[in-house]
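Student: Next up is a structure, given as structure tokens.
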Amino acid sequence: MYPNLYYLLKELFGVDLSFLRAVGSVGFFMALGFIPGAWLWAHELKYKEKKGELTYIAKTITVGHGMSGSRTLLHFVLGFIAGFKLVGLVVHQSPVSGNYLFSWQGSYAGALICAFIWAAFTLYEGYKSKDDQPHAITIHVYPHAYVMRGVIVSAVAGIIGAKIFGALENWSAFVEDPAGSLFSSEGFAFLGGFIVATFAMWVYHYKFNAQRMRMADALAPSLMLCYALGRIGCQVAGDGDWGINNPNPNPFTWLPDWLWSFDYPHNVLRRGIYMQGCTWDDYCYKLAVPVYPTPLYELMLGLIIVAILLCALRREKMAGRVSAYCLMLMGIERFFIEKIRVDVRYSFWGLHPTQAEMLSVFCFCCGVLLYFISPKLNVNKIAGS
């Protein structure tokens with residue numbers, strides 16, 4: 001396993017870049033998953049626009065004013081933050097930790113340089129667009145134009161949701177060290193992130209009024225794709241999202257042993273027994289008993305669900321149904337994965353469910369409800385019709 005990009009590149013390509021210790025594998029692959037997710041979302045929105053299922057909203061803007069001071073200030077601040085962290089990461093001489101992103105480590109010189117460059121470029125672009133006679137124009141904005149902003153909203157909401165539900169799942173660790181728990185590169189509850197990101201995108205779509213259910217249908221495969229690809233990071237880093245002990249021999253000759261039972265050497269949580277002769281800082285542990293590699297199972301099942309949803313998008317005429325399928329399939333997938341997965345269990349009313357099992361039932365029930373009420377929601381009306 002590779003707890004961060006430093007060990008990943010060093011092992012695979014022999015590249016020794018110390019600053020990459022600060023880039024955790026979980027976060028890197030989570031971020032990487034949003035790239036194909038954004039492409040798929042834009043593709044499905046354009047498909048619905050072409051079919052006439054989605055249309056534009058008219059927006060009046062004033063051109064010729066140049067760049068506003070607030071926008072220039074925003075870009076200055078963003079440039080300062082980016083320069084502080086990115087330049088600091090490259091020029092840092094001592095080893096950096098996986099919590100570098102949330103620390104006060106960085107380069108103030110790099111921050112100021114990047115901030116002034118970005119602000120100057122913003123002012124220059126504004127100067128080029130400035131007109132002696134500013135005037136108002138009406139433009140047609142199609143849903144796919146909002147994809148990049150939507151990706152940022154869903155990413156931020158997903159990370160916040162995954163952290164909040166992760167803290168609730170491991171409440172004792174959170175109470176012991178709240179700041180360390182929230183700002184660490186570990187302790188994500190992916191299903192919680194999926195639910196919060198879904199809710200955030202529903203609110204974000206509100207500006208499109210009657211079209212938002214159709215937009216949600218187009219988004220469903222993309223959210224599922226991001227969820228599935230994020231599991232690559234869990235597997236690569238060994239972040240604890242693995243299954244229960246599985247010491248049984250592989251009964252399938254066609255199945256690789258690591259896909260049946262895996263001991264997660266060099267896992268990021270430092271769980272298990274010490275590996276003698278290991279030189280990977282303190283990432284020198286592997287599980288004493290191999291377990292089911294459930295992140296890989298979720299990756300495969302997630303991709304299957306994406307394929308099902310894409311087929312449904314081409315066949316289903318009623319808006320809201322694809323979103324319902326997504327919620328139901330997600331609930332079923334995660335509920336049954338929990339049966340072979342290590343997780344914290346709660347006790348009430350004689351039951352011992354995990355947080356993920358309860359959320360899975362919630363997702364499934366919401367999907368069933370949406371399936372039956374979608375004909376009554378007036379969601380098939382297209383704005384402007």
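The values are calculated or read from the model by the stated rules, or taken from the named source; none is laboratory data. Predicted, not measured: the structure shown is a model, and the values here were computed from it. Here the Cβ is made from the backbone with ideal geometry for all residues, glycine too, and neighbour counts use every protein chain on show.
Student: If you go through the stretch 279-312, how many residues are out of contact with any Cys (no Cβ under 7 Å at 6 or more places or on another chain), under 28 Å from Asp16 (Cβ atoms) and of a type in the set (A, V, I, L, M, F, W, C)?
Tutor: 2
Student: Any residue in the stretch 358-376 that's under 18 Å from Arg212 (Cα atoms) and assigned by TED's automatic domain parsing to the domain that holds Leu309: show its pairings with residues that are crowded, with 20+ Cβ neighbours inside 10 Å and of a type in the set (Phe, Trp, Tyr) at Cβ separation under 8 Å, as long as the two are six or more apart or on different chains.
Tutor: Correct list of pairs: Gly367/Tyr325; Tyr371/Tyr325.
Student: Within the stretch 257-282, which residues are in a strand (DSSP E or B) and closer than 18 Å to Arg341 by Cα?
Tutor: Answer for the stretch 257-282, where residues must be in a strand (DSSP E or B) and closer than 18 Å to Arg341 by Cα: just Phe262.
Student: Right, another one. Name the residues in the stretch 290-342 that are modelled with pLDDT under 95 and in a loop (DSSP other than H, G, I, E, B), would you?
Tutor: Glu316, Lys317, Met318, Ala319, Gly320, Val342
Student: Give me a count of the residues in the stretch 8-31 that are part of a helix (DSSP H, G or I), over 18 Å from the mean Cα position of the chain (by Cα) and either aliphatic (A, V, I, L, M) or buried (at least 20 other Cβ atoms within 10 Å of the Cβ) (or both).
Tutor: 6
Student: Determine which single condition Gly106 fails, assuming it passes every other condition in (1) surrounded by 13 or more Cβ atoms within 10 Å (Cβ to Cβ); (2) outside any loop (DSSP other than H, G, I, E, B); (3) modelled with pLDDT of 75 or more.
Tutor: (2)
Student: Among the residues of the stretch 25-58, which ones are at pLDDT below 90, under 22 Å from Ile232 (Cα atoms) and touching a Pro at 6+ places or on another chain (Cβ under 7 Å)?
Tutor: Hit for the stretch 25-58 is Ser25, nothing else.
Here's the yes/no breakdown for (1) of a type in the set (Gly, Ala, Ser); (2) in contact with a helix residue (DSSP H, G or I) (Cβ under 7 Å, 6 or more places away or on another chain); (3) free of Cβ contacts under 8 Å to residues at least 40 places away in the same chain; (4) closer than 21 Å to Ile305 by Cβ:
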site: Gly233; (1), (2), (3), (4): yes, yes, no, yes
site: Pro247; (1), (2), (3), (4): no, no, no, no
site: Asp257; (1), (2), (3), (4): no, no, yes, no
site: Pro265; (1), (2), (3), (4): no, no, no, no
site: Ile273; (1), (2), (3), (4): no, no, yes, no
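Student: Moving to a separate point now. Give Leu191, Leu182 a once-over and let me know the one that is surrounded by 15 or more Cβ atoms within 10 Å (Cβ to Cβ), modelled with pLDDT under 75 and under 30 Å from Leu359 (Cβ atoms).
Tutor: None of the other options fit; the residue is Leu182.
Student: Another one. Residue by residue through the stretch 345-357, note down the ones that are exposed (fewer than 14 other Cβ atoms within 10 Å of the Cβ) and either hydroxyl-bearing (Ser, Thr, Tyr) or assigned to a helix (DSSP H, G or I) (or both).
Tutor: Hits for the stretch 345-357 are Tyr346, Ser347.
Student: Residues of the stretch 291-333 being of a type in the set (Val, Ile, Thr) and either surrounded by 18 or more Cβ atoms within 10 Å (Cβ to Cβ) or not assigned by TED's automatic domain parsing to the domain that holds Phe362 (or both), which ones?
Tutor: Selection gives Val291, Thr294, Ile305, Val306, Val322.
Student: Just to be sure I understand the filter: pairs with C-beta atoms under 6 Å, separated by 6 or more residues or on different chains, first member in the stretch 49-71 and at positive phi and among the hydroxyl-bearing types (Ser, Thr, Tyr), second member at pLDDT 75 or above and surrounded by 10 or more Cβ atoms within 10 Å (Cβ to Cβ). Which pairs pass?
Tutor: The qualifying pairs do not exist here.
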